[in-house]
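Here's the structure we're looking at; comments come further down.
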Amino acid sequence: VRDLLHSVTWLEVTEIKLPVEKKSLVQNSTRPFRIQKITFKEAFFTDDTISRTIVLLKEITSLKELEAINCALEGKGIWNTEEIARSGQSFVETVTIIKVIIRNFHLFIDLEGMESQVNKLKRLTIASSNVFMVPCKLARNFLSLLYLDFHDNLLVNKRLNETVCEGSWPSLQTLNLSQNSLKSLEQIANYTSRLPKLNNLDISQNNFGEIPDGCEWPSALKYLNLSTTQIPKVTACIPRTLEVLDVSGNNLKEFGLQLPLLKELYLTRNQLKTLPGAAPIPNLVALSVRRNRLNSFSKEEFESFRSMELLDASDNNFICSCEFLSFIHHEAGIAQVLVGWPDKYVCDSPLAVRGAQVGAVHLSLMECHRSLVVSLICVLVFLVILLLVAVGYKYHVVWYLRMTWAWLQAKRKPKRAPPKDICYDAFVSYSENDSDWVENTMVRELEQACPPFRLCLHKRDFVPGKWIVDNIIDSIEKSRKTLFVLSEHFVQSEWCKYELDFSHFRLFDENNDAAILVLLEPIQSKAIPKRFCKLRKIMNTKTYLEWSLEEEQQQVFWENLKGALKS
């Protein structure tokens, strides 16, 4: 130690059996010293060596922290307190003792006479060392102690009354009593209320089993750890002054406590199915509901926590519904608030996305709005049917179907009627708008010729009461030729279209010269409907007769027409 006083700040001594050292540790050494911390690991002490060690270490004025880990003490605590007291005040502020083995610890005495040595100590940890009490007289002399850690010991409620007696630990701010054998939460509240400055209390991993409806706590208490204490619910026993509360690992099914000052709430490993209500905890900044039964949370629930900065909802079995996914994908800044995002947020259902990260799942429109999509499909089908009915009515689809059926029947008949059945030289197909020219000019010219031609006109020669389709088919079959008087009116006429249909079906399939085209006025072949492809082809490939307003040309026209009818 003498060699290291000026060279190191932390000295660790391992596996040593301390002798009874008589010489000073700082003999002939000049101040200031650098060493601030000494750690003993797996060292062996006796009552004599520990008394002498305490005296010698006081000489190191720079030493602030002592630590003993996995050490053994053989003795009953009969230390040379007179020599320790004469050696003056210790400069050590922090003492940490972890897993010290004291043989026959139940015979260890109360360290009477050490009271003067602890009044400057600020931090004391004695953990996993079978401590079951601290004498009240000694406890009252820890005048400067701010931090006391007695976790993983043998403290019970009855002995705690002695350990935390009236006037003890007057400056204590943080107390850790976790992993002991405490049973009554109400008694702990009463005992710790004797500590006027206590603001941080950890009593986790004690088996309380129940919680009273009301408790009296220190007025300054701000942090309380009640995790893994087997409490079945939360009640008004929990103080309203808290700013941080940890009730993890208690199988709680709900949390509705009124804590207006609470800033951090830890509800990990419980049975909550929804986020706690925001109204009773309006100032909450951080919330942990990790490993609960949370299926989802809504935009309204999330936004109700106005001061929320951190939310840990990881390791829950999320139902990735459309509403939940829509909120997650569109909520601005949620990735900065969720702790563990996105790795720890996984879908449990639907089955198709189980195991996938919530942020990576995108459900289809059909999955999200099944009833709406089905309704829309039904409406669309209805509209399509309605549209088809309307179109069919407007464009005489039923008539066309009947006409097609008639044509199919006609196709089964001989393509040319026997000569004895031919009654007309030509069947004339024309538009009603062109009837004046047809009836007064063309019919007069042809039927008064020598010899006269016999023409079939629908106005004159169709059988009354007979279906028009049958009239057309019969007239075409009983005529040697079919004469089309083409004009703009003809192309636009629905009636003429019907006649063109049948002449198209019946005549052009025969691939002969039974059709005669007369152009009453100039017309482009492309003006003829596309479905009459053979008629368009004939106009492009065969000669047709064109009516002229000049008298000389008209004479030639009539001669050509009569010649075509005779051929």
Over what distance in Å are the Cα centres of the stretch 164-190 and the stretch 265-321 separated? 31
About the Cα centre, and with charges only on the beta carbon of Lys, Arg (+1) and Asp, Glu (-1), how big is the dipole of the chain? Nearest 20 debye, please. 1020
Where 149, 470 fall by accessible area, highest first, once all protein chains stay in place (1.4 Å): 470, 149
Over 22 Å between Cα atoms, which of 273/344; 120/197; 120/183; 64/158; 23/137; 17/58 qualify? 120/183; 64/158; 23/137
From DSSP H assignment alone, runs of 4+ in the chain each adding -39500 (n - 2.57), the sum over residues rounded to the nearest 500 puts [θ] at 222 nm at -8000 deg cm²/dmol
Once label points are set 7 Å from the Cα along Cα→Cβ at both residue 254 and residue 460, what is their separation, rounded to one decimal in nm? 9.8
Residue among 278, 70, 28 farthest towards the positive dipole end of the chain, charges placed on Cβ: 70
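By accessible area of protein heavy atoms, probe 1.4 Å, what ranking do 123, 354, 480 get, highest first?
Largest to smallest exposure gives the sequence 354, 123, 480.
In what sequence, highest mean first, do 472-478, 255-261 appear when ranked by Cβ atoms within 10 angstrom? Walk me through the numbers on the way to the answer.
Working: 472-478: 20.6, 255-261: 15.9.
Taking the mean over residues of other Cβ atoms within 10 Å, the ranking is 472-478, 255-261.
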Would you mind getting the Kirkwood hydrodynamic radius of the stretch 221-306 from its Cα pairs, rounded to one decimal in Å? 12.8
Taking each pair of distinct Cα atoms in the stretch 243-374 once, what is the resulting Kirkwood hydrodynamic radius in Å? 15.3
Can you sort 329, 458 by solvent-accessible area, 1.4 Å probe, largest first? 329, 458
Quick check for me: using +1 on Lys/Arg Cβ and -1 on Asp/Glu Cβ, what's the dipole size of the stretch 105-213 about its Cα centre, in debye to the nearest 20? 320
Could you work out how far the C-alpha centroid of the stretch 331-391 sits from that of the stretch 85-128, in angstrom? 66
Would you mind calculating the gained length between residue 233 and residue 114 on full extension (0.36 nm times residue separation, minus the Cα-Cα distance), in nm to one decimal? 38.5 nm
Putting +1 on Lys and Arg Cβ atoms and -1 on Asp and Glu Cβ atoms, find which of 134, 91, 451 reaches farthest to the positive end of the dipole of the chain. 134
Accessible surface of residue 459 - all protein chains present, 1.4 Å probe, nearest 10 Å²: 110
Spin-label pair residue 220/residue 356, simplified geometry with 7 Å Cα→Cβ offset, distance in nm: 5.5
Nearest-10 value in Å² for the accessible area of residue 87, using the 1.4 Å probe: 40
Enumerate the helices in the chain for which the Kyte-Doolittle hydropathy averages 1.0 or more and the C-alpha atoms extend at least 15 Å along the helix's axis, using complete DSSP H runs. 370-394
Of the chymotrypsin sites (Phe, Trp or Tyr not before Pro) in the stretch 311-399, which ones lie in a loop per DSSP and count no more than 13 other C-beta atoms within 10 Å? 395
A 1.4 Å probe over the protein heavy atoms gives the chain a carbon and sulfur accessible-area percentage of 53
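The values are calculated or read from the model by the stated rules, or taken from the named source; none is laboratory data. As the structure is a prediction and not an experimental result, all values here were calculated from the model. Glycine gets a Cβ as well: all are built from the backbone with ideal geometry, and neighbour counts include every protein chain shown. These area figures cover heavy atoms from the full protein model, side chains too; ligands, DNA and RNA do not enter into them. Shrake-Rupley method; radii C 1.70, N 1.55, O 1.52, S 1.80 Å.
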